[in-house]
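A.B. asks: Below is the structure I would like to discuss, written out as structure tokens.
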Amino acid sequence: MIATVFAVAIVVISCSSSLSTADKLSLKEVPYQVVDNMYVVQSKDGLLQMRIKAGVMERYDADTMDLELFPKGIEVYAYTEEGLLESELFADMARHEKAKKGEEEIWMAFGRVKVRNIIKNETIETDTLYWDRKLGEIYNDCYVRLYSPDGFIQGYGLRSDDRASNAVILQPFNNYFIVVQDTTKVAVDSANFIGPLIKK
């Protein structure tokens, strides 16, 4: 009889400690959905608009917004209205916030962030980048490097449309330019090129 009461007491004590630990656990800190090897394609009228690839996507439910985290990096490919690959983004980590009420939506990329406009052959490198999808612009106030066929520029702060076709560094500094204007040079868009490549 004493052994039975003792066993029940141990079970009650152990269960009560587990319940108190569970009570402290916040479900808002745990993702309600996890997707491995995510691959999303967005199209319109049969033409590609965007592709997104990520190793892991974690979705959380916050009070005022839906939150998605990409802790293992993200790749984003954006296409023109004609379906040609125009720009691509690579980042070590990313975060997507969308308001539950209203149209506010923002993407954030962190780590080694690289944006490349294939058509203009320009590359942006930075460590933090924001994309306001409603306004259709990318921006930051961080250190930025911009490489283009006309040369190299660096500084703080970036503003551009979301296709990175008109990137401007707000506070350039310590710049050197390599200007090459060769009217006989033919630029080949290798991402969208159809046909045989000419051997050099």
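A.B. asks: Which residue, of E86, E68, is without any contact (Cβ under 8 Å) to a residue 60 or more places away in the chain, of a type in the set (D, E), part of a strand (DSSP E or B) and buried (at least 18 other Cβ atoms within 10 Å of the Cβ)? Write out each step before concluding.
C.D. replies: On the way: E86 fails: without any contact (Cβ under 8 Å) to a residue 60 or more places away in the chain.
When all the criteria are applied, what remains is E68.
A.B. asks: Tell me which residues, restricted to the stretch 33-65, are at pLDDT below 90, among the acidic types (D, E) and either part of a loop (DSSP other than H, G, I, E, B) or within 16 Å of the chain's Cα centre (by Cα) (or both).
C.D. replies: Across the stretch 33-65, the qualifying residues are D45, D63.
A.B. asks: Here is a further query. Return the pairs, sorted by first residue and then second, in which the second residue is among the aromatic types (F, W, Y) and at pLDDT 95 or above, the first residue lies in the stretch 99-121 and is closer than 15 Å to A78 by Cα, the beta carbons are less than 6 Å apart, and the residues are 6+ apart or on different chains.
C.D. replies: K114/F90
A.B. asks: A follow-up question, please. Can you list residue pairs whose Cβ atoms sit under 8 Å apart, with the first residue in the stretch 156-169 being closer than 13 Å to T80 by Cα and the second being in a strand (DSSP E or B) and aromatic (F, W, Y)? Count only pairs 6 or more apart in sequence or on different chains.
C.D. replies: As it stands, the answer is D162/W131, since those pairs meet every condition given.
A.B. asks: May I pose another question? What pairs come up if the first residue lies in the stretch 17-44 and is more than 25 Å from P71 (Cβ to Cβ), the second is at pLDDT 55 or above and in a strand (DSSP E or B), and their beta carbons are under 7 Å apart, counting only those six or more places apart or on different chains?
C.D. replies: Listed pairs, sorted by first residue: S43/Q49.
The values are calculated or read from the model by the stated rules, or taken from the named source; none is laboratory data. Just so it is clear, the structure is predicted and the values come from calculations on it, not from any experiment. Every residue, glycine as well, gets a Cβ built from its backbone with ideal geometry; the counts of neighbours run over all protein chains shown.
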